[in-house]
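Readers should treat all values here as calculations from the given coordinates under stated rules, not as data from a laboratory. Note that this is a predicted model, so its numbers are computed, not measured. Positions of Cβ are generated from backbone atoms using ideal geometry, with glycine treated the same way; all protein chains shown enter the neighbour counts.
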């Protein structure tokens, strides 16, 4: 899969040259004058040039490497996002068919969310098949090519048991547009899942 990243570097501002002849100065585009002039674009001067309009309730109203913010399709990457591990569902038994806890108890679920190598961990919910964490990361810069790993664990006294894991490598604009990720187990854990909401900050 080929990745393409588009980066806007700075704003186009007025350029004035003085050739020393005392005559009129040549002026280039001026960002902020409410006129979309030649040399300006929705990326370089959004206050003057509007981008494609979109609907935040319809993720497909933007395409490519863009997302909808304030009814404008803007670049998805190179901005901060907050990831919130909301809730999940665990199965009664682990992938081997045994109970999660040695004494036959329910799991004590927690999630490790790793974004570009930085790990964020929820607290464990005790003895439940339907954990609710609502754990939010601080704002995280997401460049193109980012990698997100979601790991669901059962907390134990000695060694925590990995239930299942999912990886978005690379994280795509489709996931960011959709507002979240869902990580499901496989095989005997196919009914298990963890939900992660994603929003631009």
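Scanning the stretch 78-116 for residues that are out of contact with any strand residue (DSSP E or B) (no Cβ under 7 Å at 6 or more places or on another chain) and under 23 Å from residue 144 (Cβ atoms) yields 78, 116. The number of residues in the stretch 176-192 being buried (at least 19 other Cβ atoms within 10 Å of the Cβ) and under 23 Å from residue 132 (Cβ atoms) comes to 4.
Identify all residues within the stretch 169-191 that are in a loop (DSSP other than H, G, I, E, B) and within 14 Å of residue 54 (Cβ to Cβ); write none if there are none. Result: 179, single match. Of everything in the stretch 106-155 that is without any contact (Cβ under 8 Å) to a residue 40 or more places away in the chain and in a strand (DSSP E or B), the residue that is surrounded by the most Cβ atoms within 10 Å (Cβ to Cβ) is 115.
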